[in-house]
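Data block below; observations after.
The values are calculated or read from the model by the stated rules, or taken from the named source; none is laboratory data. For clarity, every value in this text was computed on a predicted model and none was experimentally measured. Backbone-built Cβ (ideal geometry, glycine too); neighbour counts: all protein chains shown. To get the accessible areas, we keep the full protein, side chains included, count just its heavy atoms, and leave off ligands, DNA and RNA. Shrake-Rupley method; radii C 1.70, N 1.55, O 1.52, S 1.80 Å.
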Amino acid sequence: MHRGNFMKSVISVFIFLLSLSAHAEVGFKNGNQKTAVLAQGRIVVHCFGNNPGGPSHGSFICREEILTAGEYDYFVGPAGIKGDSVTLTALHQDGSQRTKTVDYDSAKGQSKKSINLWIATLLQRPLLDPGTNTVRYKITSNGKVTASGEFVAEIKDGGTKNCSRTGSYTSNTPSDCQNGTSLCRRYFNENNYCL
């Protein structure tokens, strides 16, 4: 074989292997390193409507902790694995753990739905906690395990971001002047979470 052709072949194989390794990383689609930021700002609400004896205006401090890369993300599995379900178990630094099971799309090599990584409400719990999370995954096809392993997802503290703009809102709902938190989400959306 001619030396030039041999080198081209070696380079082609090397590039092919690099492209495989670039797509072979198991974890979250938008990366396994994420940053949590506490966004905060002030809103003023003016209320109209039937509010006998209640306040006609209110002032509130809005606070919300967000992940800068998004609170939801898709799990990406190893290439070429057949499966219809994936179970993720996150082991948190404090010793607690949380498990989520979602449908898996073999053709795309990822979960069919994005997974709640950060939002905590009465009805939903996040997969991850601040700090280092060891995430174990198990992909199954018709109940049989086709792949398993683990990866590390880290949530770093991004500090506090203060919105410089005070939000001013009007509302026909009198309770908004007693508790303005229903308008905080709108305020943060309008101000890109103070980022």
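List of remarks:
- Summing charges over neighbours of Asn191, with a neighbour being any other residue whose Cβ is under 15 Å away from its Cβ, gives +4 when K and R count +1 and D and E count -1.
- Amide H partners (placed H, <5 Å) of His57, local residues excluded: Cys47
- Local net charge near Ser111, Cβ-Cβ under 13 Å (Lys/Arg +1, Asp/Glu -1): +2
- Cα-based values for region 33-194, radius of gyration first and Dmax second, are 20.6, 66 Å.
- Accessible surface ranking for His57, His46, 1.4 angstrom probe, highest first: His57, His46.
- Prolate is the label for region 51-137, because the ratio a/c of its alpha-carbon gyration tensor axes (a ≥ b ≥ c) is 1.5 or higher and a/b is greater than b/c.
- The residues packed around Asp176, meaning those with a beta-carbon under 13 Å from its beta-carbon, carry a net charge of +2 if Lys and Arg are +1 and Asp and Glu are -1.
- A cut-off of 5 Å between modelled amide H atoms, ignoring neighbours fewer than 5 places along the same chain, links Glu150 with Tyr137.
- C-alpha center-to-center spacing [region 36-113, region 177-195] in angstrom: 16
- Hz values of 3J(HN,Hα) by residue in region 118-134 - Karplus curve (6.51, -1.76, 1.60), Gly and Pro given as x: 9, 6, 10, 9, 4, 9, 9, 10, x, 6, 9, 10, x, x, 8, 10, 8
- Within region 33-194, percent of DSSP bridges classed antiparallel, to nearest 5: 75
- Largest-first principal axis extents, alpha carbons of region 137-182, Å: 56, 29, 14
- Karplus-derived 3J(HN,Hα), 6.51/-1.76/1.60, for each residue of region 75-89, Hz, glycine and proline x: 7, 10, x, x, 5, x, 9, 7, x, 10, 8, 9, 10, 10, 10
- Among the listed pairs Lys34/Lys138; Lys29/Lys144; Lys112/Lys161; Lys138/Lys161, those beyond 31 Å (Cα-Cα): Lys112/Lys161; Lys138/Lys161
- Measuring nothing but protein heavy atoms, the accessible surface of region 33-194 at 1.4 Å probe radius is 46 percent carbon and sulfur.
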